[in-house]
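Step one of this worksheet: look at the structure below.
Please treat every number below as a calculation from the coordinates, not as lab data. Since the model is a prediction, treat every value here as computed from it, not as a measurement. No Cβ is skipped: glycine too gets one built from the backbone with ideal geometry, and neighbour counts run over all protein chains shown.
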């Protein structure tokens, strides 16, 4: 009789904890990701804050890109490749070619 009581309590506790995890885990994961994103932005020196929204998460980037376009046609180049990288093209950098026969 004690064994049956132990098994019944075990299953009740097991399914109770399982049900609570299903309810609480989405909230916990959302908070964890927000915290990780804030830490990453602080370490990168970013000034933008991500806020969890129920709508389209890409709308904030559309608004930022539209505001950047209105700057007036300014072009900024961050990287200019070296001259020797431009000269090496085609088979000079491709390596060894091996002929193969297609099997059907």
7 Å from Cα along Cα→Cβ at both residue 34 and residue 82: what's the point-to-point distance in nm? 4.8
Taking a ≥ b ≥ c as the square roots of the Cα gyration tensor eigenvalues, with a/c under 1.5 meaning rounded and otherwise prolate when a/b beats b/c or oblate if not, region 1-42 comes out prolate
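For residue 22 and residue 104 in one chain, what is 0.36 nm times their gap in residues minus the Cα-Cα distance, to one decimal in nm? Provide the component values of the computation, followed by the final result.
Details: separation 82, 0.36 × 82 = 29.52 nm, distance 5.17 nm.
Additional length available on full extension: 24.3 nm.
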